[in-house]
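I have placed the structure first, in the form of C-alpha coordinates, so that the comments after it can refer back to it.
The values are calculated or read from the model by the stated rules, or taken from the named source; none is laboratory data. What you see is a predicted model, and the numbers here were worked out from it, not measured in a lab. Reconstructed Cβ throughout: ideal geometry from the backbone, glycine too, with neighbour counts over all protein chains shown. Accessible surface areas use protein heavy atoms only, side chains included; no ligands, DNA or RNA. Shrake-Rupley method; radii C 1.70, N 1.55, O 1.52, S 1.80 Å.
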Amino acid sequence: GDRQAAGFYITKIQEGFFSKSNAGNNAASNSNAVYEMVKTRATNITKQMEAVTNGSLSALEKLVSFAGGIEGGKTIFFISDGFYLDGKGSVSAANRRLQLVTDTAARTGSVIYTIDARGLFAPFHDATGSKARDPNGFLDRSSVGEAALAQEGLANLAGETGGQFLKNQNYFDRWVSRVMDETSNYYRIAWKPDAEEQKGGRFRRVEVSVAGRPDLTVRLHRGYVPAAARAAEEGKDRDKAGSK
(Lines give C-alpha, C1' and ligand atoms only; values in the text may rest on other atoms or scores of the structure.)
Protein backbone atom coordinates (compact mmCIF):
# COMPACT_ATOMS: atom_id res chain seq x y z
CA GLY A 1 0.00 0.00 0.00
CA ASP A 2 3.01 2.33 0.01
CA ARG A 3 2.63 4.25 -3.28
CA GLN A 4 5.91 6.14 -2.80
CA ALA A 5 7.92 2.92 -2.46
CA ALA A 6 6.01 1.51 -5.43
CA GLY A 7 6.89 4.64 -7.39
CA PHE A 8 10.58 4.02 -6.75
CA TYR A 9 10.39 0.51 -8.21
CA ILE A 10 8.26 1.69 -11.12
CA THR A 11 10.97 4.20 -11.99
CA LYS A 12 13.71 1.56 -11.77
CA ILE A 13 11.79 -0.86 -13.99
CA GLN A 14 11.16 1.85 -16.55
CA GLU A 15 14.84 2.81 -16.50
CA GLY A 16 15.70 -0.80 -17.26
CA PHE A 17 13.24 -1.03 -20.13
CA PHE A 18 14.27 2.29 -21.61
CA SER A 19 17.63 0.96 -22.71
CA LYS A 20 18.57 1.18 -26.38
CA SER A 21 17.41 -2.37 -27.02
CA ASN A 22 13.99 -1.70 -25.48
CA ALA A 23 13.34 1.80 -26.72
CA GLY A 24 9.70 2.41 -27.42
CA ASN A 25 8.45 -0.52 -25.32
CA ASN A 26 4.79 0.38 -24.75
CA ALA A 27 4.43 -1.69 -21.58
CA ALA A 28 7.33 0.09 -19.91
CA SER A 29 5.99 3.51 -20.84
CA ASN A 30 2.65 2.76 -19.17
CA SER A 31 3.03 3.52 -15.44
CA ASN A 32 -0.19 1.67 -14.57
CA ALA A 33 1.04 -1.48 -16.28
CA VAL A 34 4.39 -1.29 -14.50
CA TYR A 35 2.60 -0.66 -11.20
CA GLU A 36 0.70 -3.92 -11.70
CA MET A 37 4.05 -5.66 -12.25
CA VAL A 38 5.36 -4.24 -8.98
CA LYS A 39 2.18 -5.12 -7.10
CA THR A 40 2.18 -8.70 -8.41
CA ARG A 41 5.78 -9.17 -7.33
CA ALA A 42 5.02 -7.71 -3.89
CA THR A 43 2.02 -10.03 -3.54
CA ASN A 44 4.16 -13.06 -4.36
CA ILE A 45 6.74 -12.03 -1.74
CA THR A 46 3.97 -11.54 0.81
CA LYS A 47 2.61 -15.03 0.18
CA GLN A 48 6.09 -16.49 0.66
CA MET A 49 6.41 -14.59 3.94
CA GLU A 50 3.02 -15.90 5.09
CA ALA A 51 4.21 -19.47 4.58
CA VAL A 52 7.39 -18.80 6.57
CA THR A 53 5.44 -17.11 9.38
CA ASN A 54 2.90 -19.92 9.57
CA GLY A 55 5.68 -22.52 9.66
CA SER A 56 7.56 -20.69 12.43
CA LEU A 57 4.45 -20.29 14.59
CA SER A 58 3.46 -23.91 13.96
CA ALA A 59 6.87 -25.10 15.19
CA LEU A 60 6.60 -22.81 18.23
CA GLU A 61 3.13 -24.18 19.02
CA LYS A 62 4.52 -27.74 19.01
CA LEU A 63 7.32 -26.69 21.35
CA VAL A 64 4.85 -25.05 23.75
CA SER A 65 2.65 -28.16 23.62
CA PHE A 66 5.66 -30.37 24.40
CA ALA A 67 6.54 -28.11 27.34
CA GLY A 68 3.16 -29.00 28.83
CA GLY A 69 4.70 -32.26 30.05
CA ILE A 70 6.93 -30.29 32.46
CA GLU A 71 5.40 -29.48 35.84
CA GLY A 72 4.99 -25.89 36.98
CA GLY A 73 5.07 -22.67 35.03
CA LYS A 74 7.21 -22.51 31.90
CA THR A 75 9.14 -19.52 30.58
CA ILE A 76 9.97 -19.70 26.86
CA PHE A 77 12.27 -17.30 25.00
CA PHE A 78 11.52 -16.89 21.30
CA ILE A 79 14.37 -15.16 19.45
CA SER A 80 13.54 -14.02 15.93
CA ASP A 81 14.12 -11.23 13.43
CA GLY A 82 10.36 -10.78 13.31
CA PHE A 83 7.35 -11.93 11.35
CA TYR A 84 4.26 -10.33 9.88
CA LEU A 85 0.62 -10.47 10.87
CA ASP A 86 -2.42 -9.07 9.10
CA GLY A 87 -4.50 -6.29 10.57
CA LYS A 88 -6.39 -6.62 13.83
CA GLY A 89 -9.39 -8.92 13.46
CA SER A 90 -7.97 -10.63 10.37
CA VAL A 91 -8.60 -14.35 9.90
CA SER A 92 -5.39 -14.99 7.97
CA ALA A 93 -3.46 -18.23 8.55
CA ALA A 94 -0.78 -16.41 10.56
CA ASN A 95 -3.32 -14.73 12.85
CA ARG A 96 -5.15 -18.01 13.45
CA ARG A 97 -1.86 -19.74 14.19
CA LEU A 98 -0.98 -17.03 16.71
CA GLN A 99 -4.29 -17.67 18.45
CA LEU A 100 -3.48 -21.39 18.66
CA VAL A 101 -0.06 -20.59 20.18
CA THR A 102 -1.75 -18.34 22.76
CA ASP A 103 -4.30 -21.04 23.55
CA THR A 104 -1.63 -23.77 23.89
CA ALA A 105 0.45 -21.52 26.16
CA ALA A 106 -2.55 -20.95 28.42
CA ARG A 107 -3.32 -24.68 28.59
CA THR A 108 0.29 -25.62 29.43
CA GLY A 109 1.10 -22.78 31.82
CA SER A 110 3.70 -21.31 29.45
CA VAL A 111 4.67 -17.66 29.07
CA ILE A 112 6.57 -16.55 25.96
CA TYR A 113 9.13 -13.75 26.04
CA THR A 114 10.24 -12.54 22.63
CA ILE A 115 13.55 -10.97 21.58
CA ASP A 116 14.23 -9.13 18.33
CA ALA A 117 17.40 -10.89 17.18
CA ARG A 118 18.41 -7.81 15.16
CA GLY A 119 19.15 -5.97 18.39
CA LEU A 120 19.75 -2.26 18.02
CA PHE A 121 19.47 -1.43 14.34
CA ALA A 122 18.68 1.45 12.02
CA PRO A 123 16.48 0.63 9.02
CA PHE A 124 18.19 3.24 6.85
CA HIS A 125 20.93 3.28 4.25
CA ASP A 126 24.41 2.59 5.56
CA ALA A 127 27.97 2.44 4.27
CA THR A 128 27.67 -1.12 2.96
CA GLY A 129 25.96 0.11 -0.19
CA SER A 130 23.82 -3.03 -0.36
CA LYS A 131 20.60 -1.11 -1.07
CA ALA A 132 19.56 0.60 -4.26
CA ARG A 133 20.39 4.29 -4.48
CA ASP A 134 17.32 6.25 -3.40
CA PRO A 135 18.03 10.01 -3.31
CA ASN A 136 14.39 10.83 -2.49
CA GLY A 137 14.37 8.61 0.61
CA PHE A 138 11.28 6.62 -0.42
CA LEU A 139 12.83 3.30 0.60
CA ASP A 140 14.02 4.67 3.93
CA ARG A 141 10.46 5.55 4.92
CA SER A 142 9.23 2.20 3.68
CA SER A 143 11.95 0.35 5.64
CA VAL A 144 10.90 2.07 8.86
CA GLY A 145 7.34 0.79 8.39
CA GLU A 146 8.58 -2.68 7.46
CA ALA A 147 10.74 -2.91 10.59
CA ALA A 148 7.86 -1.84 12.82
CA LEU A 149 5.51 -4.40 11.27
CA ALA A 150 8.05 -7.18 11.78
CA GLN A 151 8.28 -6.24 15.45
CA GLU A 152 4.50 -6.10 15.80
CA GLY A 153 4.25 -9.88 15.42
CA LEU A 154 6.81 -10.45 18.20
CA ALA A 155 5.07 -7.89 20.43
CA ASN A 156 1.70 -9.59 19.93
CA LEU A 157 3.13 -13.04 20.63
CA ALA A 158 4.58 -11.89 23.96
CA GLY A 159 1.62 -9.73 24.93
CA GLU A 160 -0.97 -12.40 24.16
CA THR A 161 0.79 -15.02 26.31
CA GLY A 162 1.63 -12.81 29.29
CA GLY A 163 5.28 -12.17 28.45
CA GLN A 164 7.30 -9.16 27.35
CA PHE A 165 9.06 -8.12 24.15
CA LEU A 166 12.66 -6.88 24.01
CA LYS A 167 13.39 -4.67 21.00
CA ASN A 168 16.05 -2.23 19.84
CA GLN A 169 18.46 -3.37 22.56
CA ASN A 170 21.70 -5.34 22.64
CA TYR A 171 21.76 -6.31 26.33
CA PHE A 172 20.05 -9.69 25.89
CA ASP A 173 21.82 -11.41 28.83
CA ARG A 174 20.87 -8.78 31.41
CA TRP A 175 17.25 -8.76 30.26
CA VAL A 176 16.99 -12.56 30.34
CA SER A 177 18.43 -12.61 33.87
CA ARG A 178 15.88 -10.01 34.99
CA VAL A 179 13.04 -12.02 33.46
CA MET A 180 14.17 -15.20 35.21
CA ASP A 181 14.27 -13.36 38.55
CA GLU A 182 10.84 -11.91 37.90
CA THR A 183 9.24 -15.23 36.98
CA SER A 184 10.86 -17.26 39.78
CA ASN A 185 8.15 -16.10 42.20
CA TYR A 186 4.56 -16.43 41.08
CA TYR A 187 1.15 -17.79 41.96
CA ARG A 188 -1.42 -19.11 39.55
CA ILE A 189 -5.04 -18.10 39.20
CA ALA A 190 -7.18 -20.62 37.32
CA TRP A 191 -10.47 -19.89 35.60
CA LYS A 192 -12.79 -22.18 33.70
CA PRO A 193 -15.47 -20.90 31.29
CA ASP A 194 -18.87 -22.05 32.51
CA ALA A 195 -21.37 -20.13 30.38
CA GLU A 196 -22.16 -21.63 26.99
CA GLU A 197 -21.49 -18.33 25.21
CA GLN A 198 -17.95 -18.45 26.63
CA LYS A 199 -17.35 -21.80 24.94
CA GLY A 200 -18.25 -20.77 21.40
CA GLY A 201 -16.66 -18.70 18.66
CA ARG A 202 -13.18 -18.78 17.18
CA PHE A 203 -11.22 -16.95 19.88
CA ARG A 204 -12.36 -15.64 23.25
CA ARG A 205 -10.65 -12.68 24.90
CA VAL A 206 -9.85 -12.57 28.63
CA GLU A 207 -9.33 -9.35 30.59
CA VAL A 208 -8.03 -9.17 34.19
CA SER A 209 -7.48 -6.15 36.42
CA VAL A 210 -6.73 -5.55 40.10
CA ALA A 211 -9.72 -3.96 41.83
CA GLY A 212 -8.96 -0.50 43.11
CA ARG A 213 -5.47 -0.40 41.56
CA PRO A 214 -5.72 1.13 38.08
CA ASP A 215 -2.00 1.97 38.29
CA LEU A 216 -1.02 -1.72 38.07
CA THR A 217 -0.49 -3.60 34.81
CA VAL A 218 -1.59 -7.23 34.68
CA ARG A 219 0.16 -9.54 32.22
CA LEU A 220 -1.74 -12.70 31.38
CA HIS A 221 -2.77 -15.08 28.64
CA ARG A 222 -5.11 -12.84 26.72
CA GLY A 223 -7.48 -15.47 25.42
CA TYR A 224 -8.24 -19.03 24.44
CA VAL A 225 -9.61 -21.01 21.52
CA PRO A 226 -12.80 -22.94 22.40
CA ALA A 227 -12.54 -26.71 22.04
CA ALA A 228 -14.75 -26.92 18.94
CA ALA A 229 -12.83 -24.18 17.11
CA ARG A 230 -9.48 -25.73 18.04
CA ALA A 231 -10.59 -29.15 16.78
CA ALA A 232 -11.62 -27.55 13.48
CA GLU A 233 -8.21 -25.84 13.07
CA GLU A 234 -6.36 -29.06 13.90
CA GLY A 235 -8.53 -30.84 11.35
CA LYS A 236 -7.45 -28.35 8.69
CA ASP A 237 -3.81 -29.04 9.53
CA ARG A 238 -4.34 -32.79 9.19
CA ASP A 239 -6.08 -32.31 5.85
CA LYS A 240 -3.18 -30.19 4.56
CA ALA A 241 -0.66 -32.76 5.75
CA GLY A 242 -2.64 -35.54 4.07
CA SER A 243 -2.86 -33.68 0.76
CA LYS A 244 0.93 -33.37 0.63
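Taking residues in the stretch 56-84 that are in contact (Cβ under 8 Å) with a residue 12 or more places away in the chain and of a type in the set (Asp, Glu), and partners anywhere that are buried (at least 17 other Cβ atoms within 10 Å of the Cβ) and not in a helix (DSSP H, G or I), the pairs with Cβ atoms closer than 9 Å and at least 6 places apart or on different chains are 81/116.
Only a single criterion out of (1) modelled with pLDDT of 80 or more; (2) not in a helix (DSSP H, G or I) is not satisfied by residue 43, namely (2).
Pairs meeting the criteria (first residue in the stretch 226-244 and more than 13 Å from residue 54 (Cβ to Cβ), second residue open to solvent by 50 Å² or more (accessible area, probe 1.4 Å) and at pLDDT 75 or above, beta carbons under 7 Å, at least 6 apart or on different chains) are 226/204. For the stretch 59-97, the tally of residues that are out of contact with any helix residue (DSSP H, G or I) (no Cβ under 6 Å at 6 or more places or on another chain) and modelled with pLDDT under 90 stands at 12.
Select from the stretch 48-77 the residues that are hydroxyl-bearing (Ser, Thr, Tyr) and open to solvent by 40 Å² or more (accessible area, probe 1.4 Å) and list them in ascending order.
56, 65, 75
With respect to the stated conditions, residue 85 is surrounded by 20 or more Cβ atoms within 10 Å (Cβ to Cβ) and under 27 Å from residue 171 (Cα atoms). With respect to (1) farther than 24 Å from residue 51 by Cα; (2) among the charged types (D, E, K, R); (3) surrounded by 13 or more Cβ atoms within 10 Å (Cβ to Cβ); (4) modelled with pLDDT of 70 or more, the lone exception for residue 146 is condition (1).
Note on the stretch 118-143: among residues that are loosely packed, with under 13 Cβ neighbours inside 10 Å and among the aliphatic types (A, V, I, L, M), the one that is modelled with the highest pLDDT is 120. Summed over the stretch 156-193, residues that are touching a Lys or Arg at 6+ places or on another chain (Cβ under 6 Å) and either over 18 Å from residue 108 (Cα atoms) or loosely packed, with under 15 Cβ neighbours inside 10 Å (or both) total 1.
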